[in-house]
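First comes the structure, then the notes that go with it.
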């Protein structure tokens, strides 16, 4: 009886280590879970399927291996192969994630540069076009000795009014010259000096970098008084105003009309006309 009891105790002691020892199939389940987690990471990082999971190569012995209570060397080797494959796949994933991060950094830098360029372009448009230096043809003052001698006392006042505006223009006090010449032309609308006043008024606006206003005044001076002593000059400076406004074809037509209507234009204009036509990119004059 004592021997039977002792035998039961020994059997129980021999069976206990077998129960406490981890089973190989539990290790395989842990490897399976790890593979599933790697696949989940792949799906989140590469939703488009750009990466492909590499299954570990396990021999047929692993699939039809020994019973769960025994762990053969082939089964452990298969598990090691699967773990090695998982480690390789994780390294590949990390490398691809780092490459994507680098590409995203480059894209962010390009977007930042594009935004900076766009901001600079918008600021440049808001600031307006750069100031254009005055051509020589617009800086020349009409020769004082060419002024006609007025014949009536009223004309003397008109001449003096013109001279006052001219002096302001010559001192580059353009705004004051514009106002003085406009007031003089309004006061003496029928004087021979009115053509001079309006022409100089248009030039004062042109030299003040206001070519649109200058073009309006110069065109009116030519149309309202085509026989005026400065009608040809107004056509010439009208062409310069249109060139400044980047309306070169119209400027060329104005220069053609100048040559056609005023073939006897004064030398001050005649000698500067070729340079003005070149600035407007005109073809040869008719």
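Within segment 271-281, is even one residue buried (at least 19 other Cβ atoms within 10 Å of the Cβ), assigned to a loop (DSSP other than H, G, I, E, B) and touching a residue at least 40 places away in the same chain (Cβ under 8 Å)? Yes, some residue in segment 271-281 is buried (at least 19 other Cβ atoms within 10 Å of the Cβ), assigned to a loop (DSSP other than H, G, I, E, B) and touching a residue at least 40 places away in the same chain (Cβ under 8 Å). Checking each residue in segment 167-208 for being over 23 Å from residue 243 (Cα atoms) and not in a helix (DSSP H, G or I) picks out 171, 173, 188, 189, 190, 191, 192, 193. Got at least one residue in segment 209-219 being assigned to a loop (DSSP other than H, G, I, E, B), touching a helix residue (DSSP H, G or I) at 6+ places or on another chain (Cβ under 6 Å), modelled with pLDDT of 95 or more and over 18 Å from residue 166 (Cα atoms)? Within segment 209-219, none of the residues are assigned to a loop (DSSP other than H, G, I, E, B), touching a helix residue (DSSP H, G or I) at 6+ places or on another chain (Cβ under 6 Å), modelled with pLDDT of 95 or more and over 18 Å from residue 166 (Cα atoms).
Listed residues 175, 164, 185, 179; which is over 44 Å from the mean Cα position of the chain (by Cα) and either surrounded by fewer than 21 Cβ atoms within 10 Å (Cβ to Cβ) or over 15 Å from residue 229 (Cβ atoms) (or both)? One residue alone meets the criteria, 164.
The values are calculated or read from the model by the stated rules, or taken from the named source; none is laboratory data. Predicted model only: the values in this text are computed from it and were never measured. Positions of Cβ are backbone-derived with ideal geometry, glycine not excepted, and every protein chain shown enters the neighbour counts.
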